[in-house]
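A short worksheet on the structure shown next.
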Amino acid sequence: MLMTNLKILAVVLGTVTLYTVLASAIPQVESEVPQELDLGADVSTEELVAAGEELYQGAGGCVACHGLGTRAPNLLADEAGTGQIGARCGTREPGKDCKTYLHEALVQPMEYIVEGYEPIMPDMSRTLSPTQIWAMVAYLESLGGTATVTAADIGGGEGGAAGAEGPAGAGGGAPPAGGGALAAGSTDPMDIWRAGGCGACHQLDGEGGPIGPALDDIGATRDRDYIRRAILDPGADIAEGYEQVGGVMPPTFGGSLTAAQLEALVDMLAGEG
Amino acid sequence: MKRRAGEWRGWAALVGALALVVVGAVLAEPAWAQAAAPAGREYGDFPVVGGRVAVWVSAQLHLMFAAFVLGVPMFAVVAEAIGMFGGEKRYDKLAKEFTRLLLIAYSATAIWGAILSFALVIIYPRFWTHMVEIFEVSVWIYVGLFFLESFTLYLYYYGWDRWSAGTSKYVHWGLGILLNVFGTAVMFIADSWLSYMMSPAEGVTVDTPASAIDTWVAITNATWMPINIHRILANVVFGGAIVGAYAAYRFLTARTDEERAHYDWMGYVGNSIAIGALIVLPFAGYYLGREIYEYNQQMGITMMGGFMSWLWIIQAFLIGVLFLAGNYYLWVGMQRIPGAERFTPYTKWMLLVLVIGVIVWATPHTMIASRAELAAMGGSHHPFLGVLGVMSAKNTAVNLMILTTFLSFLLYRRANKDPVVPWARTGTMVQGLMFLVASIVVLFYGIYGYYVPAVQRIGFSVYQVLAVLITIVVVVAIDVAMGRGAQSRGAIRWGQMPPRSQYALFVLAVTFTWLMGLMGFARSGIRQHWHIWEVMRDTSEWAATPALGYAAQVITACVLIFLGLIGFIFWLGGLVEKPIIADVRADAKAAAYGGPDLDPVPAE
């Protein structure tokens, strides 16, 4: 009886030990967390390149597709005779220099899917900060080309607006609690829409979240005064069927929008429908 | 004595259930939950191992026990039905013995559920608050169903002898079905919580307040149903394997021939259930994987080609062990079947196919690699293994392994039978032809896949799977028809099984348990540093998803704790089993164990 029990114990322990040793013997890859970059206002291009390479190989998760050259274009090596990404990025889109193209390809990847590949690239602004994205651009430029990203591109740093050539409000997010204009004061209503995070709850032109009322035809059923009041005092009139999410929309836009921005947004929405 | 011990277990289960209910009910109250998550405190801690490991271990152990108590009722009800409608009392006894194991493990499931709840609310209060806000209603329904499941189980087990004949037997069987319905519903609700963490609805972002998320939309998320289906099958596999190991232990420690015969038969049934369900489990796995890709390509790539790519090599090795151990058990078992010796020469060829299949399946291909590793390989793939490790080859290997395992079962079934139907020779030829055609289809598409683009190649796996499934269904149908009235070459000599065969059952149970832990890590790990994918970021010190070596240590710890506890629980159950065994012995003498459930030949 004792021997039987010992044999069973040996079989059990031997089996789990084998699996544990095997799993420990293969290459150990950890999924890293993208760390905030604090590069300072006088960060050099070389520092950005180094930070970008670290992200590319690690937390950015880029090598899962771009390192293999089967799921996505190979960026590290030659791609169909066009060279590394730094050598070919300046000619990918007419009228766009390498830096602009790479930045837009990272935050709006669906617009730049290379022919022959599946549209699987995620919007990197959902996982990386603006500074991290600029660091990535610098690294990619440096592969077969010259990195041109500077501290000036990053602008206000981690929490600031996107750089001069990047899309405004790439980082998305909730509107500021008060003070300071959204989208760096831009009066482009779509900049304001994105920077204010409106699309997280409202649908416009077929895109956006399902939480609040769709605004595709808001102009056909509501006048400008109603729209303005709804932006400044969202709790004043809760749309029918959305009572349970009343109070979700922040009542802080009066403090975060300039008068010109508010009117630009009202104009745009009143024109819907 | 029996009744007193039964009451003790019942009370233990009830206390565990009540603990879970109290925790669930109290924590489902958002005001309390908010109080548990005061501003500024997002994470708690746990001594020595840290918060993440504490939650990981408690969740994994809860899942292991839950899988057992959800899987076993499924085949207990089937066994009871065979006993009722087939007139073989020993199946009824077997079903009761299954249920007795279930009853004992039930309280452990509830206790680990309560531990998990406490761990979550203390260690991840911010996450807990978010989940409660969305799923509050479903928690209450879960509590209600858990009560119903608990008391249905008590009625089912304790009413077994009272409702054993006539109409009341049908009512009892109905209770078993009801037990499965409640248990499955409980699992579906819990699955909605964890699948929401993987695949929240489109449009829900980090800025979306939990109060704005519709509960039903959160429940019916993209991976909910695939996980439900995968878990139902996996629970059956797991339950069968644990029952097999239990029977193996009882076999090895048996003191009489009758006992040994009974547990030999029980081990065979457990193994048949586990391997039978395992054969179809990969199809459910493909469905889940496809839905993950459909939901989010990035998540799918992380799972299969990202930092988890090496995990699937380990998985292939484990499944290879399962196929080899399962077949080995059958081949050894054939030594106690008169007439099986005529099939012995085929064994070495089946072993060869299985070994080659495992090697091909476990060949690395699309592995995440650094720039230095890419340079060392001279490209994105290994110059030699890059050709061998593609999905065309792997799908071919897996399908041929499934066909081979099915052939082992078929030979086992046929071992002591000589069909007497006039079309027996034709039937056997058709069966052989089906195997041949299926193998050719699998091989053809496996080779052809090398010459077509990846998009087209992926579709070929459907043809391969269909060829195998159709063969299994048609061959079984022919075999059942052909076996009617078959002449027996002699009864299976239950109990005359070499001890090494029983150790194969232990390897199966340990491997299934370890595999379950590995797949739990895969499913949870693909969220990476998100508690809820792209909705709630993990900002704790444990946010980075660990490498496989570390995960393997945690999985091993979970497996050993689970096996230790289930062994203890079964030992407790053994203290009061003697009356059941006495019944079984009496039946064994009468029936002499004429054959397993897959064997329609009556006893001699």
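The values are calculated or read from the model by the stated rules, or taken from the named source; none is laboratory data. Computed from a predicted model, the values in this text were never measured in an experiment. Note that each Cβ is placed from the backbone with ideal geometry, even for glycine, and that neighbours are counted across all protein chains shown. What goes into the accessible areas is simple: the full protein's heavy atoms, side chains included, and nothing from ligands, DNA or RNA. Shrake-Rupley method; radii C 1.70, N 1.55, O 1.52, S 1.80 Å.
Stretching the chain fully between B:F283 and B:F151 yields a gain of 44.1 nm (0.36 nm per residue, less the alpha carbon separation).
Taken along the Cα-to-beta-carbon direction at a fixed 7 Å, the label points for A:L6 and A:R126 span 5.8 nm. The distance from the alpha carbon centre of segment B:298-351 to that of segment B:400-426 is 20 Å, rounded to a whole number. Note on exposure: B:T344, B:T129 ranked by accessible area (1.4 Å probe, complete protein assembly) read B:T344, B:T129, with the most exposed listed first.
Couplings for segment B:213-230, taken from phi via the Karplus curve 6.51 cos²θ - 1.76 cosθ + 1.60 with θ = phi - 60°, read 8, 5, 4, 5, 5, 5, 5, 8, 7, 4, 9, 4, 5, x, 5, 4, 5, 4 Hz in order; Gly and Pro are left as x. Computed on segment B:107-230, the Cα convex hull volume stands at 115 Å³ per residue.
Starting from the Kirkwood radius over alpha-carbon pairs of segment B:410-499, derive D by Stokes-Einstein at 20 °C in a medium of 1.002 mPa s and give it in µm² s⁻¹. Walk me through the intermediate numbers first.
Details: Rh = 15.5 Å.
Stokes-Einstein gives a translational diffusion coefficient of 138 µm²/s.
Inter-label distance, B:K169 to B:Y450: 5.9 nm, where each label sits 7 Å from its Cα along the C-beta direction.
3J(HN,Hα) couplings calculated from phi for segment B:120-126 with the Karplus curve 6.51 cos²θ - 1.76 cosθ + 1.60 (θ = phi - 60°) are, in sequence order, 5, 6, 7, 8, 10, x, 5 Hz; Gly and Pro show x. For B:T545, the residues whose modelled amide H falls within less than 5 Å of its own, excluding neighbours fewer than 5 places apart on the same chain, are A:S31. If R0 is 22 Å, the Cβ-Cβ spacing of A:E263 and A:Y242 corresponds to a FRET efficiency of close to 0.30.
Peptide B:307-316 has a mean shielding of 3, counted as Cβ atoms of other protein chains within 10 Å of each residue's Cβ.
In plain terms, the chain from B:L560 to B:I359 could stretch by 69.6 nm, reckoned as 0.36 nm per residue minus the Cα-Cα distance.
Across the alpha-carbon set of segment B:53-154, the Rg to Rh ratio works out to 1.12, Rh being the Kirkwood radius. When the square roots of the Cα gyration tensor eigenvalues are ordered a ≥ b ≥ c, the ratio a/c for chain B is 1.5 or more and a/b does not exceed b/c, which makes its shape oblate.
Computed per residue of chain B from DSSP H runs no shorter than four, each worth -39500 (n - 2.57), the mean residue ellipticity at 222 nm is -26000 deg cm²/dmol. Here is the list for segment B:409-501: trypsin sites (Lys or Arg not before Pro) lying in DSSP coil, each with at most 11 other C-beta atoms within 10 angstrom of its C-beta, are B:R484. In this structure, the amide hydrogen of A:Y117, modeled 1.01 Å from its nitrogen in the peptide plane, lies closer than 5 angstrom to no residue at least 5 positions away or on a different chain. Take the Cα radius of gyration of segment B:238-358 and divide it by 2.2 N^0.38 Å, N being the number of residues; the result is 1.37.
When both segment B:88-135 and segment B:522-575 are represented by their alpha-carbon centers, they are found 16 Å apart.
Karplus-derived 3J(HN,Hα) values for segment B:429-440, using 6.51 cos²θ - 1.76 cosθ + 1.60 with θ = phi - 60°, are 5, 5, 4, x, 5, 4, 4, 5, 4, 4, 5, 5 Hz; glycine and proline are entered as x. Taking amide hydrogens as placed 1.01 Å from N in the peptide plane, the amide H of B:W530 sits under 5 Å from those of B:D538, each at least 5 positions away in sequence or on another chain. Restricting attention to chain B, lysine pairs at least eight places apart or on different chains and with alpha-carbon atoms under 25 angstrom apart total 22.
Would you please state the base-10 log of I(q)/I(0) at q = 0.28 1/Å for segment B:386-436, with intensities from the Debye formula using one equal scatterer on every alpha carbon? The computed values of log10 I(q)/I(0) come out as -1.09. At a Förster distance of 35 Å, what's the computed FRET efficiency of A:I113 paired with B:T220, Cβ-Cβ distance as r, to 0.05? Efficiency computed from Cβ-Cβ geometry: 0.70. Counts of other chain beta carbons within 10 angstrom of each beta carbon in peptide A:55-66 average 4. For a modelled paramagnetic label at B:A481, 7 Å from Cα along Cα-to-Cβ, the residues of segment B:388-426 in reach, with backbone nitrogen under 17 Å, are B:419-426. The rule of thumb for compact globular proteins, 2.2 N^0.38 Å, goes into the C-alpha radius of gyration of segment A:5-89 1.80 times. Modelled spin labels at B:Y463 and A:L232, positioned 7 Å past Cα toward Cβ, are 6.8 nm from each other.
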